Each structure stands twice: as structure tokens, then as C-alpha cells.
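Colleague: I have a structure I would like to understand better, so I am pasting it below and will then ask my questions one at a time.
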Amino acid sequence: MLTKILQTLSPATAISPVQPERYSPSIMRMRKIWDIHGGIHPPENKTQSLGERIRQAGIPAQLILPLSQHIGAAAVPIVKVGDQILKGQCIARAEGLVSVPVHAPSSGCVVAIENRPIPHPSGLDDLCIVIDTDGHDRWRERNPVENFASCDKQTLLGIIRDAGIAGMGGAGFPTGFKLNVRDAREIDTLVLNGTECEPYITSDHALMRERAEEIAEGIAILAQLLQPREILLGVEDNKLDVVAGLQSALQAHDFNALSQRDCIVEVVTFPTKYPSGGEKQLIEILTGKQVPSGRLPADLGIVCQNLGTAVAIADAVLRDIPLISRITTITGEAVDRPCNLEVLLGTPVEYLLQQCGFRAGENNRLVMGGPMMGFALLDTRVPVIKTSNCILAPTEAELPKPPAAQPCIRCGFCAEACPASLLPQQLYWFAQGKELEKLEQHNIADCIECGACSYVCPSNIPLVQYYRAAKAEIRERDRDMQQAEYAKQRFDARQERLQRLEQEKQAARKARQAKAAARSKQSGDADPKAAAVAAALARVEAKKVEAKKAQAANSAEDDPVQRALLKRKAQQQAEAADPQAALQQKVDSAKARLEKAETRLADAQAENSEHLAAFEAAVQKGREKLAAAEQALAQPKEKSTDQPASN
Amino acid sequence: MIEFLFSHPIASALLALLLLGAAFGAVLGFGAISFKVEGDPIVDQINAILPQTQCGQCGYPGCKPYAEAIANGDAINKCPPGGDAGIHALADLLDVEPIALDDEHGVEDVRKVAYIREAECIGCTKCIQACPVDAILGAAKQMHTVIVSECTGCDLCVEPCPVDCIDMLPVETGTRAWSWNLPDAHQNPADIIASDRDKPRAA
């Protein structure tokens with residue numbers, strides 16, 4: 001029904017208050033828009049913070065930079081405590097593909113790398129780099145790109161990755177990774193998200209109002225990167241004051257040349273409804289295409305980026321400013337001057353609240369993000385991070401504590417409000433009963449946790465919290481199952497290995513037994529053979545010794561070292577051939593040497609030689625060697641008693 | 001023959017049943033042989049539910065043997081790491097009533113992993129031999145260490161260590177492992193009628 005009204009009423013730019021005639025036809029085209037299922041119209045509360053222009057929040061005394069400000073692996077510090085750092089210097093590198101680096105938002109000194117409270121629904125601490133600023137705000141050397149139109153895709157992606165840009169709409173997905181679309185996948189449509197549908201938040205509105213040129217630059221770089229056929233800038237019709245500015249800023253760029261084909265660039269306005277700013281919701285509103293469950297917009301040839309991200313990209317490429325600041329809305333009735341501040345990342349929330357006249361007594365709880373999807377901050381010392389679009393300080397009357405939940409009456413309002421066309425009450429029952437499979441069958445993964453169901457629930461059931469818990473449980477179960485499967489594989493592999501080793505051991509034992517049995521069988525006739533072999537070898541050796549003696553006598557120039565080597569070689573060969581015989585031979589040769597030494601000693605005694613002592617020592621040594629050789633020969637005999645003596 | 005069958009309806013009915021029985025028996029017998037499934041499929045299904053910590057707290061040397069024991073009629077409440085969720089899954093699978101965890105075999109605990117105090121390790125390799133999933137790295141007379149991502153937390157390595165240098169530490173819950181809890185249904189007594197409440201409902 002609403003769709004029909006939309007189609008008749010709202011051809012995008014027709015409702016724009018400005019009807020400039022100088023715009024090219026491509027920007028003036030009438031465009032059909034679609035409606036999404038469900039949605040709600042909560043009080044907007046946006047005007048409070050739009051009274052002033054964006055102000056600089058200034059440099060706080062201390063900056064606290066969490067290493068995990070995005071989805072994906074935490075960054076890894078590359079500075080040490082005590083390091084002096086400059087503004088824009090990289091202080092933590094990206095870890096892996098789905099991660100982004102962190103840069104110093106101002107110059108100063110690293111005073112700590114430790115766990116500090118971070119803005120996270122858990123209220124837990126996480127590793128942060130703490131910088132004491134020096135107030136000089138000294139920049140590192142900057143090398144901006146002169147002409148981005150001449151850069152190729154990988155260069156631009158590299159700049160975006162190195163600048164630490166993560167999606168600034170709230171989820172914080174690494175932009176460099178999201179834009180790195182496979183070459184085979186052609187991107188038809190680039191969607192820029194200027195919806196900002198959540199109540200209170202006006203940071204994107206302020207950005208569009210005051211920095212339209214930078215937005216246009218960012219869009220131009222994205223066009224160069226993705227080469228889309230159409231670029232759609234989605235803006236809700238509660239922000240019509242920004243449309244003219246955006247359109248004229250977009251005029252400054254030649255998108256046809258950048259995307260190298262006919263490119264339609266359009267600022268599309270559509271009726272305000274929460275949550276039309278969800279990625280899949282906005283794509284449906286602007287293109288009529290539904291992104292299937294479990295798929296990415298890129299699968300349909302669509303890429304969606306937040307406007308804040310586009311500005312960050314323009315800063316990174318054209319001015320070499322990494323992501324070190326962002327626009328954050330400070331609002332709520334407990335602050336005197338609600339406004340939008342340009343905040344250095346890592347600025348403590350309390351520093352910002354002070355600037356806006358925070359009345360702590362009236363504030364009942366502090367929320368980071370909007371009232372629908374934000375989470376309560378337990379500590380005002382937590383820093384602003386890349387995804388912090390709003391700090392909401394409401395009074396008790398403004399945002400009262402939710403009343404006690406009552407039983408579900410199955411009214412079905414939640415199903416009507418759900419923008420993802422799910423069945424929230426069914427999911428609620430299954431989440432209570434922890435029926436994870438049923439939850440999956442009812443596509444809980446498609447829940448964007450927008451809170452529309454909780455908002456309309458007449459029983460005040462905190463439905464989203466059930467879904468978040470159930471999603472976490474599903475994730476945990478999947479992880480456990482994966483780990484169990486892995487452990488099983490490893491256990492099986494180990495069992496197999498142990499079995500194999502045992503089998504090998506058995507086989508080796510059997511082989512040894514068989515060998516021993518064969519030997520004992522042959523032992524009867526093996527003896528004379530072995531003796532014969534040993535005798536033959538002894539004869540050969542004796543002959544060799546004779547021959548060598550003769551040779552030595554004949555030729556004095558024969559090298560003794562050579563001889564010794566040859567002898568060793570022969571011995572080794574013999575030893576290898578038959579260890580028993582070799583031992584026997586050793587005994588024989590030792591005996592021969594001893595006899596020789598004894599005769600020499602006798603000669604020396606007869607001649608009364610001066611080398612008597614040396615000859616005596618030689619005889620002694622010869623005796624020892626003989627004894628050792630005989631022992632060596634005897635030992636194997638002792639070990640295997642069934643083996644007969646070989647001589 | 002046919003005349004006999006027509007004249008004796010009871011006998012012919014019995015004969016027909018006999019023949020049918022024989023025919024189906026033959027088909028079933030043939031099927032049982034030719035479509036024989038190796039292994040017990042129910043054991044695999046039970047094994048898939050067990051947490052594969054291989055800790056042996058159930059009294060069996062690993063999850064597979066316990067799965068086989070369950071298939072043969074053992075109690076389903078002997079697995080502390082699987083906990084209540086595991087017992088419920090087994091009860092669903094086997095179509096029996098879920099029962100409470102048997103305390104004799106241990107109590108459900110937070111997930112833990114082993115850490116070796118490396119300075120004290122003497123390199124005896126005893127823990128390496130005890131680890132059912134090969135999650136400990138080291139060599140004789142070299143320091144050992146646990147590969148945390150592979151450790152199932154079975155604590156089988158703690159007992160054999162001669163210098164008692166292995167600790168079982170709970171897995172850290174950082175912001176990444178943190179998750180939302182289900183809202184506490186008892187905190188908001190929603191099942192009383194509004195007029196019975198002590199305090200009026202907040203606006």
C-alpha cells in the first residue's frame with residue numbers, strides 16, 4: 001500500500017525544495033523508489049543537535065586508542081612506551097586481511113599500552129595505546145596523491161587500507177576489504193548511505209550540510225575505483241536541506257570519465273522510516289533488489305558505503321590524512337548544548353561531555369550510538385572510536401528504563417514491524433527454548449538487530465537481546481562443533497599412528513625372531529664354513545703383510561700413511577663382510593704384532609739398545625690390544641651361547 | 001491342485017501366506033547381505049554429539065569408545081565436558097529422557113586449556129605421550145609447549161608431569177569472546193497481574 005503511495009508521490013528529487021535548472025538531465029531524472037517491509041516511526045529528536053555548525057573538539061590531554069575499533073582481527077602495536085610520535089603516524093599495523101591499522105590522532109608520547117575500558121556493550125577492558133598529547137599537533141610528512149584519476153585500483157585500495165578506514169556507519173567493517181571486489185564481479189551500482197535513520201544522530205546530516213565537496217570527492221574516488229553504471233546517494237526526506245548542496249558539489253566531477261562509461265549520479269530522497277539505513281534495506285529502497293539471505297550486496301553488483309566513509313577516503317587519498325578523527329553527535333536532554341563535534345579518535349567521552357555542558361545528575365545512563373541500536377556506557381573515560389557516531393546523554397524522563405517485560409500475547413506487531421520480514425515472536429520462543437536449529441531455519445542470521453520489534457512490542461519484551469544472545473549461542477555452537485571435529489581428526493590420526501607404530505614394532509620383532517631361528521637351524525654346518533672363511537682371510541692378510549713388508553723393504557719412497565689408509569680400508573671391508581671373522585682377524589693381527597714386538601724387544605735386550613724402554617712399552621701395549629681383541633671376540637659368543645666359537 | 005485350493009480356502013490361505021513369507025524373507029535376507037553397512041551409524045551420530053575432548057572422564061578411553069558404549073545401552077550422563085546441552089542432544093537422538101549429569105564422573109566446568117610453565121619443564125615428553133590430540137610440542141630434554149588452539153582441555157597431561165609444571169587455565173573471555181546473555185526472565189516478574197504488584201508500573 002505504502003509502496004503505491006510512494007510511487008505516485010515521491011519521484012526522488014521532485015520533493016526537493018530546490019529545483020535547480022542548471023543540472024544535467026542525468027541528475028534530474030525521475031526515479032522510482034521502493035518500500036521495505038515493516039519499519040517504525042520513532043520520534044526523531046534530530047533538531048536539537050543541528051543548531052550549530054560542526055565544532056572542533058580540540059586536543060585532549062590524553063588519547064586512548066583501542067586496537068580493535070573495527071570488525072576483524074585487532075591491530076598490532078608497532079610503537080613502544082616512551083616513543084615520541086607525530087600526528088598521522090601509524091602506531092598499530094593491520095593483522096591479516098580483515099583488519100585495519102591505527103594512527104596517532106595528534107603528536108605526543110606513548111605512555112602506556114595496556115588494558116583500558118573501551119566502548120563495548122560488555123563494558124570489558126581491551127588493549128589500548130595511550131598517548132599523552134603535546135598540544136603542538138605536529139604532522140608527519142604527508143604525500144597526497146596529485147591526481148587520483150590516474151591511479152589504478154590497487155594503488156587506491158592500498159591507500160584506503162593504509163589509512164585505517166573502517167565503515168563509519170556503525171559496524172566498522174574494513175573498507176579496503178569491502179571495496180576489494182573481485183575483478184570478475186562487475187559493480188553496477190554504488191550506493192552511498194546518507195540515510196541516518198536512527199533518532200538523535202545527526203553526524204552524517206551535519207557532514208552533508210557542511211562538507212558536501214569532500215563527500216563528492218570521496219564519491220569520485222569510489223567511482224574511479226569501482227567504475228559503476230549508477231551512483232545513488234540515498235537521503236531520507238527529513239534532510240532535504242542538504243540535497244541542493246550535494247547536487248552542486250557532485251557537478252564538479254566528471255563521473256562519466258571516472259567510471260569510463262555512462263554513469264548516472266543521483267541524489268535520491270525517500271520517506272523517512274526506521275531502519276531504512278540498514279545496508280540491505282537501503283539497497284531495496286533504491287534499487288528494488290533484495291539481497292538474498294547469506295549473500296553480499298556485491299553478489300548483485302552493488303556496493304554500499306557510508307558518507308562518512310566517503311569523506312575519510314577523500315581525506316586519505318587527496319590530503320594524506322588517515323582516519324584520525326570523525327564527526328560525533330553529542331545530544332540528549334542532559335547536555336546543555338547538543339551539537340556535532342569533530343573529534344580526534346581516542347578522545348575520552350567525558351572530555352566531550354564537558355564541552356557540551358553535561359549535567360551528570362540528570363543523566364540516567366550514557367548511550368553510545370542511538371537509542372535503538374546503541375549500548376550503555378558504564379564508564380565516561382571510554383574513548384571515541386571509528387564507529388562512534390553519537391553519544392546520547394538522556395534524562396530519565398526522556399529515555400526511561402524499560403518497564404518489566406510481560407508475557408507475549410502473540411499480537412504479531414513485531415512481525416509487521418520487522419524490516420527483514422522475519423517472525424520475531426517465533427524467534428523469541430525458540431531463543432527462550434534454545435532451539436538453535438529452529439532459529440536457523442527461521443533465518444535469525446538475517447536479523448539486523450534494529451530493535452523495531454522491541455519498540456512496537458506491547459509487552460515490552462526485550463526481543464533484540466534474545467536474538468543477540470541466540471546468535472552468540474549459535475556462533476559458539478558452530479565454533480565448538482568445528483573444534484570437536486578438528487579434535488576428532490587429530491585423535492583419529494594419533495590412534496592410527498600409534499597403531500601403525502605398534503604394527504611396525506611387531507613386524508620388526510617377528511623378523512628378528514625368524515632370523516634367529518634360521519641362524520640356529522644353520523648353526524650345525526655353519527661352523528666349519530666360517531672357520532674356513534676366517535682361515536682364508538687370515539692367509540690373505542698374512543700374504544698382504546708379507547707383500548707389503550717386501551714392498552716397504554724394496555721401495556723406501558712408499559708412503560706409510562697411504563699404506564695405513566689402505567689397510568684400514570681393507571679391514572673395514574672385511575669387517576663389513578663378516579664381523580666375526582674381522583674380530584678374529586684383529587686377534588690374529590694383534591698376536592702377530594705382539595710376537596714381532598717381543599722379538600724386537602729380545603733383539604734390543606741382546607744389543608743393549610738405548611730404546612729398551614720404548615720396546616717394553618710397545619710389548620705392553622701389544623698385550624693390551626690382544627686382550628681387548630680377544631675380549632671383543634668373546635663377547636658376542638657369550639651373548640648368543642648357541643653360536644659356536646669360530647676358531 | 002487348483003481344485004484343491006478352491007475347495008480348501010483355509011489351506012490355500014495358509015499356503016499363500018507361507019509363500020509370501022518365504023518370498024519376503026528371501027528378499028530381506030538378500031538385502032541384509034548385499035546392503036550391509038559397515039560400522040554402526042548410531043555410534044557415529046552419538047560420537048558427533050560428544051565434545052571430542054578425549055578426556056576419558058566417562059571411564060572410556062576416548063569419545064568413540066563411549067559412543068559405542070552408549071549405543072550398547074550405557075548411561076548418557078557420563079560426559080562432563082558435554083554438559084547439560086550434550087545430555088539433552090543425546091536424549092533427543094536416542095529418544096530417552098534427559099537425566100542429570102553423573103557427579104561421579106566430574107562436573108561441568110568452564111572451558112580450560114593447559115599451559116606449561118616453560119621455565120620448569122624438564123623435557124621428559126611424558127605429557128606429549130599423554131595428550132590424546134597431539135597438542136603438545138617438544139622433544140626429549142627440550143622445553144615443551146601447548147598449542148593452545150589445539151588443546152581440548154582434557155587435563156590428561158597434568159597427572160603424568162613429574163615436575164607438576166602444567167596448569168589448567170580457563171580460556172580468557174575478552175571483548176571478542178564476550179556475548180550477550182539471554183534476558184533474565186526472573187528479574188522481571190512478568191507473570192503477576194499488574195494490579196498485584198507492590199509498586200505501580202513505571203510510565
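Colleague: Look through B:Ile70, B:Ile99, B:Ile42 and report the one residue that is under 10 Å from the mean Cα position of the chain (by Cα) and of a type in the set (A, V, I, L, M).
Modeller: B:Ile70
Colleague: Kindly establish whether B:Ala114 is touching a strand residue (DSSP E or B) at 6+ places or on another chain (Cβ under 8 Å), open to solvent by less than 60 Å² (accessible area, probe 1.4 Å) and either more than 12 Å from chain A (Cβ to nearest Cβ) or touching a residue at least 12 places away in the same chain (Cβ under 8 Å) (or both).
Modeller: It is true that B:Ala114 is touching a strand residue (DSSP E or B) at 6+ places or on another chain (Cβ under 8 Å), open to solvent by less than 60 Å² (accessible area, probe 1.4 Å) and either more than 12 Å from chain A (Cβ to nearest Cβ) or touching a residue at least 12 places away in the same chain (Cβ under 8 Å) (or both).
Colleague: Considering only residues that are in contact with a Gly (Cβ under 8 Å, 6 or more places away or on another chain) and open to solvent by less than 20 Å² (accessible area, probe 1.4 Å), look in the stretch A:432-460 and name the one that is nearest to the other protein chains (Cβ to nearest Cβ).
Modeller: A:Cys450
Colleague: Ok, one more. Of the residues A:Pro292, A:Pro271, A:Pro322, only one is in the same structural domain as A:Ile33 (by TED's automatic domain parsing) and closer than 21 Å to A:Met168 by Cα; which?
Modeller: Exactly one of A:Pro292, A:Pro271, A:Pro322 is in the same structural domain as A:Ile33 (by TED's automatic domain parsing) and closer than 21 Å to A:Met168 by Cα, namely A:Pro322.
Colleague: Which residues, taken from the stretch A:382-421, are within 12 Å of chain B (Cβ to nearest Cβ) and not hydrophobic (A, V, I, L, M, F, W, C)?
Modeller: Matches in the stretch A:382-421: A:Glu396, A:Pro400, A:Lys401, A:Pro402, A:Pro403, A:Gln406, A:Pro407.
Colleague: Hey, another quick one. From the set of residues in the stretch A:129-146 that are within 25 Å of A:Asp379 (Cβ to Cβ) and crowded, with 17+ Cβ neighbours inside 10 Å, which is farthest from the other protein chains (Cβ to nearest Cβ)?
Modeller: A:Thr133
Colleague: Please list, ordered by residue number, the strands (runs of 3 or more DSSP E) wholly in the stretch A:42-128 having 1 or more residues that are open to solvent by less than 20 Å² (accessible area, probe 1.4 Å) and free of Cβ contacts under 8 Å to residues at least 40 places away in the same chain.
Modeller: A:90-93, A:108-117
Colleague: Hey, among the residues in the stretch A:347-368 that are over 19 Å from A:Ile54 (Cβ atoms) and assigned to a loop (DSSP other than H, G, I, E, B), which one's nearest to the chain's Cα centre (by Cα)?
Modeller: By that ranking, first place goes to A:Arg365.
Colleague: Also, quick follow-up: Is there a residue being basic (Lys, Arg) and open to solvent by 20 Å² or more (accessible area, probe 1.4 Å) anywhere in the stretch A:232-245?
Modeller: no
Colleague: Please go through the stretch A:378-417 and pick out each residue that is surrounded by 24 or more Cβ atoms within 10 Å (Cβ to Cβ) and closer than 21 Å to A:Cys457 by Cβ.
Modeller: Listed by number, the list holds a single entry, A:Cys414.
Colleague: Out of all the residues in the stretch B:1-60, which are away from chain A (no Cβ under 14 Å), open to solvent by less than 60 Å² (accessible area, probe 1.4 Å) and touching a residue at least 12 places away in the same chain (Cβ under 8 Å)?
Modeller: Listed by number, the residues that qualify are B:Ile42, B:Cys58.
Colleague: Ok, one more. Select from the stretch B:146-161 the residues that are open to solvent by 30 Å² or more (accessible area, probe 1.4 Å) and more than 9 Å from every other protein chain (Cβ to nearest Cβ) and write down the one among them that is nearest to B:Glu172 (Cα to Cα).
Modeller: By that ranking, first place goes to B:Val148.
Colleague: A:Asp320 versus (1) at positive phi; (2) open to solvent by less than 10 Å² (accessible area, probe 1.4 Å): which is the lone unmet condition?
Modeller: (2)
Colleague: From A:Leu463, A:Leu427, which residue is open to solvent by less than 10 Å² (accessible area, probe 1.4 Å), under 34 Å from the mean Cα position of the chain (by Cα) and within 10 Å of chain B (Cβ to nearest Cβ)? Give the steps one after another, and end with the answer.
Modeller: Numbers: A:Leu427 fails: within 10 Å of chain B (Cβ to nearest Cβ).
Going through A:Leu463, A:Leu427 in turn, the sole match is A:Leu463.
Colleague: Where residues in the stretch A:199-229 are on the phi < 0 side of the Ramachandran plot and open to solvent by 20 Å² or more (accessible area, probe 1.4 Å), which of them is nearest to the chain's Cα centre (by Cα)?
Modeller: Among residues in the stretch A:199-229 that are on the phi < 0 side of the Ramachandran plot and open to solvent by 20 Å² or more (accessible area, probe 1.4 Å), the one nearest to the chain's Cα centre (by Cα) is A:Gln224.
Colleague: Moving on. Got at least one residue in the stretch B:71-83 being in contact (Cβ under 8 Å) with a residue 24 or more places away in the chain, open to solvent by 60 Å² or more (accessible area, probe 1.4 Å) and either out of contact with any Asp or Glu (no Cβ under 6 Å at 6 or more places or on another chain) or not charged (D, E, K, R) (or both)?
Modeller: No, the stretch B:71-83 contains no residue that is in contact (Cβ under 8 Å) with a residue 24 or more places away in the chain, open to solvent by 60 Å² or more (accessible area, probe 1.4 Å) and either out of contact with any Asp or Glu (no Cβ under 6 Å at 6 or more places or on another chain) or not charged (D, E, K, R) (or both).
Colleague: Okay, moving on. Hey, among the residues in the stretch B:110-129 that are of a type in the set (A, V, I, L, M, F, W, C) and over 21 Å from the mean Cα position of the chain (by Cα), which one's nearest to B:Gly153 (Cα to Cα)?
Modeller: Going through the qualifying residues, I end up with B:Ala114.
Colleague: Same structure again: Considering each residue of the stretch A:96-150, count those that are within 12 Å of A:Leu65 (Cα to Cα) and polar (S, T, N, Q), and give that number.
Modeller: Counting residues in the stretch A:96-150 that are within 12 Å of A:Leu65 (Cα to Cα) and polar (S, T, N, Q) gives 2.
Colleague: I would also like to ask the following. Specify which of the listed residues (B:His88, B:His105) is within 12 Å of another protein chain (Cβ to nearest Cβ) and either within 26 Å of A:Glu476 (Cβ to Cβ) or not polar (S, T, N, Q) (or both).
Modeller: None of the others qualify; the one that does is B:His88.
Colleague: Name, by its number, the condition in (1) at pLDDT below 90; (2) surrounded by fewer than 17 Cβ atoms within 10 Å (Cβ to Cβ); (3) under 28 Å from A:Arg497 (Cα atoms); (4) of a type outside the set (Asp, Glu) that does not hold for B:Val107.
Modeller: In the conditions (1) at pLDDT below 90; (2) surrounded by fewer than 17 Cβ atoms within 10 Å (Cβ to Cβ); (3) under 28 Å from A:Arg497 (Cα atoms); (4) of a type outside the set (Asp, Glu), B:Val107 misses (3) alone.
Colleague: If you don't mind, another one. Please determine, by comparing only the residues of the stretch A:477-513 that are open to solvent by less than 80 Å² (accessible area, probe 1.4 Å) and closer than 25 Å to A:Cys447 by Cβ, which one is farthest from the other protein chains (Cβ to nearest Cβ).
Modeller: A:Asp478
Colleague: Further question on the same structure: Considering only the stretch A:174-195, state which residues are within 25 Å of the chain's Cα centre (by Cα) and open to solvent by 10 Å² or more (accessible area, probe 1.4 Å).
Modeller: A:Phe177, A:Lys178, A:Asn180, A:Val181, A:Arg182, A:Asp183, A:Ala184, A:Arg185
The values are calculated or read from the model by the stated rules, or taken from the named source; none is laboratory data. In this text, all values refer to a predicted model and were calculated from it rather than measured experimentally. Cβ atoms come from the backbone with ideal geometry, glycine included; neighbour counts cover every protein chain shown. These accessible areas exclude ligands, DNA and RNA; they are computed on the full protein's heavy atoms, side chains included. Shrake-Rupley method; radii C 1.70, N 1.55, O 1.52, S 1.80 Å.
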